[in-house]
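Shown next, in C-alpha cells, is the structure this report addresses.
The values are calculated or read from the model by the stated rules, or taken from the named source; none is laboratory data. Every value quoted in this text rests on a predicted model; they were computed, and no experiment measured them. Every residue, glycine as well, gets a Cβ built from its backbone with ideal geometry; the counts of neighbours run over all protein chains shown. Surface accessibility is based on the protein's heavy atoms, side chains included, excluding ligands, DNA and RNA. Shrake-Rupley method; radii C 1.70, N 1.55, O 1.52, S 1.80 Å.
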Amino acid sequence: MKLTDSVLRSFRVAKVFRENSDKINCFDFSPNGETVISSSDDDSIVLYDCQEGKPKRTLYSKKYGVDLIRYTHAANTVVYSSNKIDDTIRYLSLHDNKYIRYFPGHSKRVVALSMSPVDDTFISGSLDKTIRLWDLRSPNCQGLMHLQGKPVCSFDPEGLIFAAGVNSEMVKLYDLRSFDKGPFATFKMQYDRTCEWTGLKFSNDGKLILISTNGSFIRLIDAFKGVVMHTFGGYANSKAVTLEASFTPDSQFIMIGSEDGKIHVWNGESGIKVAVLDGKHTGPITCLQFNPKFMTFASACSNMVCE
C-alpha cells in the first residue's frame, strides 16, 4: 500500500499504552518493524509487540536513568544514554537484562545518539561539545571531534557519511572513512535566535535532511546542495519543548507532534500540509516515528500511542 495524502489523513489512534508514570523521552522501532522499545524519565524500558499491539516486558535502569534508546543490529540488544549519575553510554542485552559493554568518555549529558544503518558503528553528541564515534565491540572511542557548541548528529541511510549540526546554524557532512580530515561539505543556515536545533535526520533515500528545533518550525534541506527546500510551521510549541520530527519510510512526507497533542503532516515535495491528526495525547508529543516495515506509526508523551 502506498502512502498518499488521503491515506495519511485516514490514520486513527489504534492503541494507547499507559505503562509509564513520566514522560517517554525516546523510542525506536526494531529494523524488522515487529517491536518498538521506549525509554522514559521514570527509568523504565518497555518493549512492545507491534503486531499484537501490547507490551511484552519492562526493564528498569533505576541507577543511571535511561534516554535516547536505540536498537543495534544484533537481536535483542540496545544502546542508550544515561540521564543520572554519569554520561556513559550503555549497551544492554534485553534477553537477560545484562550490560554487554560501557562506553565512557563524554563529560556532559549525551543529547544525540545514532546507530549506523549497516554495521556496529554508532555516533554520539554531547553537551560537552564533542561528537564521538564508537564501535560496539570496543569500549574505547574510535574518533573524537571538538565543536563550538551543542551538536546534533545522524548517519545517512547507507552508513557512509554522517551529518553534524553545529551551533544551530551549520550542517557539516563527514565521510566516515576519513572524518579526521574534517567535513567534505559545510552548509551554513540562517541563524535563528529564538530557538536551537534539537535533531537531525536523513530521509531513507538519502536526498533530504530534516532539522528539528525547539521552536515552532522545522527545516527540510537538500542533502547534496544544502539549500533549504521548505520551512514547516503552524504547530504549537510555546514552551520550547524538544519535539521529534520524522520522515515517512518512503521519504515523501514529514511529520511532527505538537504541544497540544496533534500531529502535523506535510508533503515534502510541495511543502503543503496534508493532515493534522488528533493523537489523543495529554501532553506535548515528544517522540514520533513511523514503523519502517508496517503501515503504522507511534507517538508518545507520557503515554505511548500507536496509529
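For the chain, the per residue solvent-accessible surface stands at 43 Å², with DNA, RNA and ligands left out and a 1.4 Å probe. Largest GNM mean-square fluctuation across HIS230, HIS281, HIS95, computed for the chain with C-alpha springs under 10 Å, falls on HIS95. Projecting label points 7 angstrom from Cα along Cα→Cβ for SER238 and LYS2 puts them 4.2 nm apart.
Quick check on segment 212-301: take the gyration tensor over C-alpha atoms, sort the square-rooted eigenvalues as a ≥ b ≥ c, and tell me if it's rounded (a/c under 1.5), prolate or oblate. Here segment 212-301 falls in the oblate category.
With viscosity 0.890 mPa s and temperature 25 °C, the Kirkwood radius over alpha carbon pairs of segment 156-307 converts through Stokes-Einstein to a diffusion coefficient of 155 µm²/s.
Estimated from the Cβ-Cβ distance and a Förster radius of 45 angstrom, the FRET efficiency linking ALA185 and LYS62 is about 0.55. Summarising the amide proton neighbourhood of ILE89: residues at separation of 5 or more, or on other chains, whose placed amide H is nearer than 5 Å comprise PHE103.
Residues whose amide H falls under 5 Å from that of ASN25, counting only those 5 or more places apart or on a different chain, are SER39, SER40, ASP41, with hydrogens built in the peptide plane. When the GluC sites (Glu not before Pro) in segment 1-61 are filtered for DSSP coil states and for at most 15 other beta-carbon atoms within 10 Å of their beta-carbon, the remaining sites are GLU34, GLU52. With a simple spin-label model that places each label point 7 Å from the Cα along the Cα-to-Cβ direction, the separation between ASP22 and GLU34 comes to 3.2 nm.
For a quick check of your reading of the filter: which trypsin sites (Lys or Arg not before Pro) in segment 166-248 sit in a DSSP loop and have no more than 11 other Cβ atoms within 10 Å? In loop regions of segment 166-248 (DSSP not H, G, I, E or B), the sparsely surrounded trypsin sites (Lys or Arg not before Pro) are ARG193, LYS225, LYS239. The charge dipole of the chain, taken about its Cα centre with unit charges on the Cβ of Lys, Arg, Asp and Glu (plus for the first two, minus for the last two), comes to roughly 300 debye. Principal semi-axes of the equivalent ellipsoid, √(5λ) from the alpha carbon gyration tensor of segment 15-116, are 21, 15, 12 Å from largest down.
Using just its DSSP H runs of length 4 or more, each adding -39500 (n - 2.57), the chain gives a mean residue ellipticity at 222 nm of -500 deg cm²/dmol after division by all residues. Using alpha carbons only, what's the Rg to Rh ratio of segment 113-163 with Rh from Kirkwood? Reported Rg/Rh, Kirkwood definition of Rh: 0.95.
When the accessible area of segment 231-304 is computed with all protein chains present and a 1.4 Å probe, what percentage of it is carbon and sulfur?
Values: 1380 of 2600 Å².
Here carbon and sulfur together make up 53 percent of the probe-accessible area.
When Rg and the Kirkwood radius Rh are both evaluated on Cα atoms of the chain, their ratio Rg/Rh stands at 0.93.
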